[in-house]
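Taking it in order: structure first as structure tokens, then the write-up.
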Amino acid sequence: MSKKFLPPIIISLAVILAYANTLKLDYALDDRLVIFHNDYTLAGFDGVKEVMTCDGFSGYFGGNDNLVAGGRYRPLAQLTFIVEYELFGKKIHDQVGLGKDPKNEQLFIDTKLPFISHLGNILFFILLCLLLYIVLAKIFPMDENGKWYFSIPFVATLLFALHPLHTEAVANIKGRDEILSMLGGVATIFCVIKYMENRKWIYLALSFFAMLFGIFAKENAITFIAIIPLVIYFSQGKKRKSDWILTLIPSIIAAAVFLVVRYMALGGFMPEDTTNTILNDPFLESTTLQRIATVIFTWGIYLKLLFFPHPLTHDYYPMQIEITSFGNPIVLILTVFFLFIVIYAVKKLKSKDVIAFGILFFIITFSIVSNLFINIGTFMNERFLFTPLLGFTIILAFFLRKLLAVQKIKLLSPVIFGVLLLFYTGKTISRNLVWQNDFTLFTTDVLVSDNSIKCNVSAGGSYLEKYKKEKKSADLKNAEKYLRKAVTLDKTSYYGNLLLGETCYFLEHYDLAYQYYRNAAIIKPEDKSAASNAEIALLKIQSAQLDDANKLLDDGNAREAMIMVDAFLRDNPPTTYAYNLKGKIFGMGLRNLDSAIVYLNKALAIDPDYYSALENLGVAYAVKGDFNRAIEYLMQAHAITPDNQAIMRNIINVYVNMGREDLAMPWREKLTSGA
């Protein structure tokens, strides 16, 4: 086999080895937003127009384009999901429902669609890595006598392919937009290099379509416009003055086309965020200097993850990272360090230093997600390093190659390279499994993002859903733990309060359930479900109070029971249960049948079908000797609860007291047979 085929084969096999276990994964995180709960995707090819003309998430949010900060116009990846749905999901087309139908996820899981989508991500990622290797080989050509397996293109690409920071983009189906965006950007660079090699205009035209491909996958590809002159400068081939302009024009036009289409789709370049909360703007309560200091601090976390990608998490939302200031010595040290590497890159640019190239590539591609220029709606995310990571692996490859050139320690280079590959591969494979579904992702990452409001809500909500299916008390306790943490971190968290209210309800802590439901209703008054649930919890609280009064009556403490009921009716709106119990106390405990009948009728005035009041009214009339009216009310009660044996026994007793054994007999038979 020719040596030129070995690097691509090894790179492809490395990706397959690292990501083969993703083929067994289901859906997680934002997959629902663009796939099985997105009405545009579920419309199949009929939804293409909406995908191309609307915010990417509006199909999930019922047409509201402003529910996610900044707007999302990334149609290309969603179009690939539509194609997969049309080709491999036909059998469920008639079964899926719109408007976030809860059954959709399982319908999708029961098909080949998750497998196909994860396979698609792997194949696109392999294609990206192979093209990356080709482009790097042209920018940093290998010495004729050099070893290809220690060349910068091969080492940098292999490290890039296996770095665990890529798991979020590859293992999470929705992360395809990152892969396709970089694929378009790298393809643009490839076309520019080919144009400079062959001077054929077709490559400039292809660079336009490559940039269009990348930028319609995700706007981050626009940073490759600045990468073009960087590549031209480092290029080994002959350059013309016109190259600096001609190679940029197609990409600039592509970017202009995208911006116009995006503007038309979103109604603006950066639509205003109507949900002004800390979860959509982590710097909402920060000063400008605090924001910049915190951003620099997050860059330090990114730096640490580049060198040592552990532990990993999908969630860096507030309060996982604390707002800081320039009084923090770590921020000052990081500021000096980042200034140093910028100065180094600029000074070394003239000598075409490889490290300078890696630094500038990282800075340029990272700039759009750095939070320095544009507020991206969260402190940071590991997937934001998807493209910039290449700059880091180029620098790493350069140092490994330099070590190889030092005779005394040249064996250290392959050892370090081998250890890195083993660590990266092992970490990537194990991290992939966390992306099995929402439950595994949220309940695993909350152990890392333990101060994230969002992650605690997600983990608590996941345990709550699991409890509702399996009824295991441990799951309910875990739900309570994480939801309490979320509400402690942010008292204004709507979903935190809502889900904690539901959890407390299942725990039969009705007073707390009422409290958290009420909080949720105040936070989001337009959502009536929280207020409705608060009313249900309140009824439970009231029922518990009246149950205590009922127990006092059963124990023979009628007067104390009456005091409790009167206190309840004084402090709360009248209920059927309260009036029925008061009538029961008058009749059974105080032997005041007339008053009993008055309150039992008040109960029926609220709810004419309240069978307990009908039964008690029948008994009261029977005790008074009005057997015909007793039978009338008991029959009404029986019609509502035909299997109630107590009511049947009361009917039998009334007929016996009337001397109508013939009418009592059929009821005895019915009671005996259980009919």
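The values are calculated or read from the model by the stated rules, or taken from the named source; none is laboratory data. Worth saying up front: this structure is predicted, and the values here are computed from it rather than measured. Note: ideal-geometry Cβ built from the backbone for every residue, glycine included; neighbour counts use all protein chains shown. Heads up: the accessible areas ignore ligands, DNA and RNA and are worked out on the full protein's heavy atoms, side chains in. Shrake-Rupley method; radii C 1.70, N 1.55, O 1.52, S 1.80 Å.
Under 7 Å between Cβ atoms, which residue pairs at least 6 apart in sequence (or on different chains) link something in the stretch 406-419 that is open to solvent by less than 70 Å² (accessible area, probe 1.4 Å) with a partner that is of a type in the set (Val, Ile, Thr)? The qualifying pairs are 417/155.
Which one is nearest to residue 177 (Cα to Cα) among residues in the stretch 218-270 that are hydroxyl-bearing (Ser, Thr, Tyr) and open to solvent by 30 Å² or more (accessible area, probe 1.4 Å)? So that I can check it myself, show each step before the final result.
Let us first name the residues in the stretch 218-270 that are hydroxyl-bearing (Ser, Thr, Tyr), namely 223, 233, 235, 242, 247, 251, 263.
Filter again for open to solvent by 30 Å² or more (accessible area, probe 1.4 Å), leaving 233, 242, 263.
Working: 233: 29, 242: 33, 263: 19 Å.
If we take residues in the stretch 218-270 being hydroxyl-bearing (Ser, Thr, Tyr) and open to solvent by 30 Å² or more (accessible area, probe 1.4 Å), then 263 is nearest to residue 177 (Cα to Cα).
Taking first residues from the stretch 93-112 that are at negative phi and partners that are part of a loop (DSSP other than H, G, I, E, B) and hydroxyl-bearing (Ser, Thr, Tyr), the Cβ contacts under 8 Å between residues at least 6 apart in sequence or on separate chains come to 105/27; 108/27; 109/27. Over 35 Å from the mean Cα position of the chain (by Cα) and either of a type in the set (A, V, I, L, M) or under 18 Å from residue 401 (Cα atoms) (or both): is that true of residue 148 in this structure? Here the answer is yes, as residue 148 does meet what is asked. Inclusion of residue 123 among residues that are surrounded by fewer than 17 Cβ atoms within 10 Å (Cβ to Cβ) and over 18 Å from the mean Cα position of the chain (by Cα) is warranted. Residues that are surrounded by fewer than 21 Cβ atoms within 10 Å (Cβ to Cβ) and more than 30 Å from residue 666 (Cβ to Cβ) occur at least once in the stretch 605-627.
Out of 633, 655, one residue alone is part of a helix (DSSP H, G or I) and within 24 Å of residue 595 (Cα to Cα). It is 633. Candidates are the residues of the stretch 292-315 that are open to solvent by 60 Å² or more (accessible area, probe 1.4 Å) and either in a helix (DSSP H, G or I) or touching a Pro at 6+ places or on another chain (Cβ under 8 Å) (or both); the one that is nearest to residue 449 (Cα to Cα) is 310. Of all the listed residues (61, 5), the sole one being under 21 Å from the mean Cα position of the chain (by Cα) and either surrounded by fewer than 24 Cβ atoms within 10 Å (Cβ to Cβ) or farther than 20 Å from residue 84 by Cα (or both) is 61. Here residue 431 passes the criteria (1) in contact (Cβ under 8 Å) with a residue 12 or more places away in the chain; (2) of a type outside the set (Val, Ile, Thr); (3) over 30 Å from residue 355 (Cβ atoms); (4) in a helix (DSSP H, G or I) except the one numbered (3).
Before we move on, is residue 85 in contact with a His (Cβ under 6 Å, 6 or more places away or on another chain), open to solvent by less than 50 Å² (accessible area, probe 1.4 Å) and not hydrophobic (A, V, I, L, M, F, W, C)? Spell out how you get there, then give the answer.
Values: in contact with a His (Cβ under 6 Å, 6 or more places away or on another chain): no; open to solvent by less than 50 Å² (accessible area, probe 1.4 Å): yes; not hydrophobic (A, V, I, L, M, F, W, C): yes.
Judged against the criteria, residue 85 is not a match.
The condition of being assigned to a loop (DSSP other than H, G, I, E, B) and closer than 30 Å to residue 625 by Cβ holds for only one of 556, 583, 587, that being 556. At least 3 residues being under 26 Å from residue 45 (Cα atoms) is the threshold, and among the helices (runs of 4 or more DSSP H) wholly inside the stretch 72-171 those reaching it are 75-88, 104-109, 113-139, 167-171.
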